[in-house]
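The block underneath contains the structure these notes are about, expressed in structure tokens.
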Amino acid sequence: MTDWAMIFLLLVIFIVGAFVYPDLPTRVPFHWNIRGEVDGYTTPFWGAFGLPLLALAIYILMGLLPRIDPKKENYPRFRGPYQLIRWGITLFLLLLQTLILMVSLGRQVNIPLLVQLGISLLFILFGGIMPRLAFNYFVGIRTPWTLADEEVWTKTHQMAGKLWVGGGIGGLATAFLPPPGNFIGLMVFVIGASLVSVVYSYLVYRERIRS
């Protein structure tokens, strides 16, 4: 049922892209700098269908991962969280697609604010999910140390979950700062959470092999 709902959502994204395609300008805004200014453009085709195609590719890839992962027997243990990851990524790409189309059609949209809110909420979602991820080779904090030992995997994801939720909350708190302060704040929190998670996995592994 969940897959059918996601397939329907992907279909809607493509239909919306096809509907607005004739009205798109020859140069579609596609990238914004840290000051919230457009600094990159693309063609109408990629403006209408680039992100939907990316969302479709990710959907297909994440459907294949549980079949090719050497630890595929663990995927049923986190089927719900895995689906939430798929939904989170798809909805975030839908948000980006909607914002790009709105700007292209002349609507006034606060791109930096809305994108940062979306990234921050995605981090909070992933953080809440991390402690529930069973040992696997494709989804989660994949460092040489977490992949070498299942106990290191478990402890790292328990800590990373808290760090990523905190990073997402930090991103939300700085989203309303004027550019480039909002972007700098987001990077400090989300990159910081990611780097500390990696370092923590090494420290746990080192302690593990000493014991």
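Nothing in this text is a laboratory measurement; each read-out follows from the coordinates by a stated rule. Quick caveat: nothing in here was measured; it's all calculated off a predicted structure. Note: ideal-geometry Cβ built from the backbone for every residue, glycine included; neighbour counts use all protein chains shown.
Quick notes
- Placing +1 on the Cβ of every Lys and Arg and -1 on the Cβ of every Asp and Glu, with nothing else charged, gives region 2-210 a dipole about its Cα centre of roughly 420 debye.
- Residues within the reach of a label modelled at ASN33 (point 7 angstrom out along Cα to beta-carbon, backbone nitrogen below 12 Å), restricted to region 110-126: there are none.
- Projecting label points 7 angstrom from Cα along Cα→Cβ for LYS72 and SER194 puts them 2.9 nm apart.
- Volume of the Cα convex hull of region 30-98, divided per residue and given in Å³: 112
- On Cα atoms only, tilt of 2-20 relative to the major axis of the chain in degrees: 30
- Here MET6, MET102 are placed in order of increasing Cβ neighbour count within 10 Å, fewest first, which gives MET102, MET6.
- Gap separating the Cα centres of region 73-98 and region 139-161, nearest whole Å: 19
- Over all other residues within a Cβ to Cβ distance under 14 Å of ARG142, the charged ones net out to -2, with Lys and Arg as +1 and Asp and Glu as -1.
- Residue exposure proxy: ARG86, ARG132, ordered by other Cβ atoms within 10 angstrom of their Cβ from fewest to most, comes out as ARG132, ARG86.
- Cα-based helix-to-principal-axis angle, 44-68 vs the chain, degrees rounded to 10: 20
- With Cα atoms, 0 to 90° folded angle of helix 150-174 axis to the chain main axis: 40
- Amide hydrogen neighbours beyond the local backbone of TYR41, cut-off 5 Å, H modeled: PHE30
- Spin-label proximity, ALA5 to region 25-62 - amide N less than 11 Å from point 7 Å beyond Cα toward beta carbon: none
- Each of HIS157, HIS31 has some number of other Cβ atoms within 10 Å of its Cβ, and from fewest to most they run HIS31, HIS157.
- For the chain, the alpha-carbon coordinates run over 64, 40, 23 Å along the three principal axes, in decreasing order.
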